[in-house]
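K.L.:
Below is one structure. I have some questions about it.
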Amino acid sequence: MNILLLGSGGREHAFAWKMIQSPLCDTLFVAPGNAGTAPIATNVNMSPTDFDAIKIFVIEEKVEMVVVGPEDPLVKGIYDFFLNDDKLSHIPVIGPSKIGAQLEGSKEFAKEFLVKHNIPTAGYDSFTAETVEKGCDFLETLKPPYVLKADGLAAGKGVLIIHDLAEAKEELRNMLVNKKFGAASSKVVIEEFLDGIELSCFVLTDGKNYKILPTAKDYKRIGEGDTGLNTGGMGAVSPVPYVDAVLMEKIETRIVKPTIDGFQKDGIPYKGFVFIGLINVNNEPIVIEYNVRMGDPETEVVIPRLKTDLVELFLAVANEKLDEITLEIDQRSATTVMLVSGGYPEEFEKGKVISGLENISDSIVFHAGTKLNGNEVVTNGGRVLAVTSYGDDFQEAIKKSYQNIEKLHFDKMNFRKDIGNDLL
Ligand code: AMP
Ligand code: GLY
């Protein structure tokens with residue numbers, strides 16, 4: 001089978017690494033891909049949101065399945081684009097429909113879905129520029145800190161947590177009236193603050209049946225000890241040691257099952273990943289967000305622990321036969337550490353030559369922001385490489401990642417040295 005994978009990050013390199021291990025995969029195309037996918041698949045210089053170019057390519061190259069990595073093409077409706085085109089409708093797209101992708105594309109839509117299906121979530125209300133004063137009144141009824149969320153996609157920057165009431169009101173006006181996050185903040189969800197430990201649950205669904213994938217925790221802040229600015233993620237660990245069977249059972253019965261049943265009840269076509277962000281408040285899991293894709297860098301620890309053929313899983317998703325598959329999970333731990341460009345998540349330079357890749361044997365280096373420049377691999381983004389290792393426990397795995405990072409180099413390379421320390 002010829003498969004097209006959309007995206008260019010560490011998540012997509014990890015998907016590609018796993019998919020080419022499948023006997024079901026003949027040619028794997030990655031658009032646009034990176035220097036890590038180049039030697040194992042065929043990179044195609046095409047934007048994941050250029051649906052017309054994708055259509056021409058898919059027909060010419062006889063692509064039989066499209067796997068979508070990032071949220072953008074999903075929110076823009078790539079699933080429906082294929083379904084509604086006579087020449088494409090027979091080609092399965094792994095990812096939700098446009099309406100399903102609104103679970104990530106609109107915080108308000110997600111909250112309405114959660115409330116409608118009685119899934120535990122923080123109390124909230126939503127406001128627009130017309131109702132900004134009502135929003136300020138609502139803030140007065142809440143206890144600090146105050147959680148303000150831009151309704152639309154804001155590249156992971158749209159959530160503000162503010163301790164001071166006056167400042168929260170000012171930021172609310174900034175978002176709604178001054179369009180701090182552009183159109184994404186033309187609506188703002190104000191949410192009750194939840195105090196607890198965050199964790200993520202990853203689910204693959206065919207719209208009726210589902211499989212819960214291994215748990216993972218990511219490290220969002222740039223600085224050690226969870227300080228400094230938010231990033232896309234600086235490292236990850238799977239499994240999360242404090243998630244026991246009792247908590248997992250609650251997550252499944254109160255959150256995962258009602259979510260998938262909700263797709264059925266609401267007639268939402270959904271064949272893809274659901275990434276559920278949770279906060280565990282006194283052993284009660286509460287949803288803070290949905291994403292309609294896998295996490296990055298969580299994929300770089302979840303996928304290496306999956307023993308089941310990923311293409312077989314995707315085919316089962318397409319054919320609504322996920323119930324016929326048994327997931328096999330590697331019992332070892334996996335950890336990943338992100339090597340980032342100096343300055344990230346703010347200003348950084350690109351084009352730095354990466355050396356030492358050929359010296360790594362007992363870790364897997366997934367490429368994120370890299371590209372080929374002649375024979376050299378150079379940096380091409382903020383997050384550059386994810387160094388993933390296995391171990392009998394996460395301590396052993398993380399030690400291996402850090403040992404191998406010593407062998408890698410690029411100018412102004414930065415990484416967190418405390419991944420997993422909070423779990424000790
Ligand atoms: P989100 O983009 O929804 O994942 O939010 C970004 C971050 O804000 C999350 O990873 C949490 O750390 C935090 N957050 C979001 N919602 C809440 C909430 N209701 N209570 C406490 N923290 C929250
Ligand atoms: N690592 C968090 C995310 O992918 O959204």
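K.L.:
Between a residue in the range 349-374 that is hydroxyl-bearing (Ser, Thr, Tyr) and any residue that is assigned to a helix (DSSP H, G or I) and surrounded by 15 or more Cβ atoms within 10 Å (Cβ to Cβ), which pairs come within a Cβ distance under 8 Å, given they are 6 or more apart or on different chains?
P.N.:
Ser363/Lys400; Ser363/Ser401; Ser363/Asn404
K.L.:
Could you say whether any residue in the range 342-353 is more than 16 Å from ligand 2 (Cβ to nearest atom), modelled with pLDDT of 95 or more and either basic (Lys, Arg) or closer than 30 Å to Leu24 by Cα (or both)? Step through it out loud before you land on a result.
P.N.:
First pass over the range 342-353, keeping only residues more than 16 Å from ligand 2 (Cβ to nearest atom): 342-343, 346-353.
If we keep only those that are modelled with pLDDT of 95 or more too, we end up with 342-343, 347-353.
Filter again for either basic (Lys, Arg) or closer than 30 Å to Leu24 by Cα (or both), leaving 350, 352.
Within the range 342-353, one or more residues are more than 16 Å from ligand 2 (Cβ to nearest atom), modelled with pLDDT of 95 or more and either basic (Lys, Arg) or closer than 30 Å to Leu24 by Cα (or both).
K.L.:
Counting only residues that are surrounded by fewer than 17 Cβ atoms within 10 Å (Cβ to Cβ) and in contact with a strand residue (DSSP E or B) (Cβ under 6 Å, 6 or more places away or on another chain), give me the strands (runs of 3 or more DSSP E) lying completely in the range 98-170 with at least 1 of them.
P.N.:
Answer list for the range 98-170: 124-128, 159-162.
K.L.:
Right, another one. Of all residues being charged (D, E, K, R) and part of a strand (DSSP E or B) in the range 270-324, which is nearest to the chain's Cα centre (by Cα)? Just the residue, please.
P.N.:
As a first pass, look at the range 270-324 and keep what is charged (D, E, K, R): 271, 284, 289, 293, 296, 298, 300, 305, 307, 309, 312, 320-321, 323-324.
Going one step further and asking which of them are part of a strand (DSSP E or B), we end up with 271, 284, 289.
On the way: Lys271: 16, Glu284: 23, Glu289: 11 Å.
Per the criteria, the residue is Glu289.
K.L.:
So how many residues does the range 259-269 have that are touching a helix residue (DSSP H, G or I) at 6+ places or on another chain (Cβ under 9 Å) and either in a strand (DSSP E or B) or not β-branched (Val, Ile, Thr) (or both)?
P.N.:
6
K.L.:
Identify, from the list Ile276, Ile251, Ile255, Ile222, the residue that is at pLDDT 95 or above, of a type in the set (Val, Ile, Thr), more than 14 Å from ligand 1 (Cβ to nearest atom) and touching a Phe, Trp or Tyr at 6+ places or on another chain (Cβ under 9 Å).
P.N.:
After ruling out the rest, the residue left standing is Ile222.
K.L.:
If you don't mind, another one. Looking at the range 136-152, I want the residues that are within 16 Å of ligand 2 (Cβ to nearest atom) and have a partner that is of a type in the set (Lys, Arg) and in a strand (DSSP E or B) with Cβ atoms under 9 Å, at least 6 apart or on another chain. Which pairs are those?
P.N.:
Between residues of the range 136-152 that are within 16 Å of ligand 2 (Cβ to nearest atom) and residues that are of a type in the set (Lys, Arg) and in a strand (DSSP E or B), the close pairs are Ala150/Lys187; Gly152/Lys187.
K.L.:
Just checking, how many residues over the range 81-134 are within 15 Å of ligand 1 (Cβ to nearest atom) and polar (S, T, N, Q)?
P.N.:
Total satisfying the criteria: 4.
K.L.:
Sticking with this structure for a sec: Residues being away from ligand 2 (no atom under 16 Å from the Cβ) and either within 29 Å of Gly235 (Cβ to Cβ) or modelled with pLDDT under 90 (or both): count how many of those fall in the range 176-191. First the steps, then the outcome.
P.N.:
So the first thing to find is which residues in the range 176-191 are away from ligand 2 (no atom under 16 Å from the Cβ), and the list is 176-183, 185-191.
Keeping just the survivors that are either within 29 Å of Gly235 (Cβ to Cβ) or modelled with pLDDT under 90 (or both) gives 177-183, 185-186, 189, 191.
Total meeting the criteria: 11.
The values are calculated or read from the model by the stated rules, or taken from the named source; none is laboratory data. These figures come from a predicted structure and were not determined experimentally. Cβ: placed from backbone, ideal geometry, glycine included. Neighbour counts: every protein chain shown.
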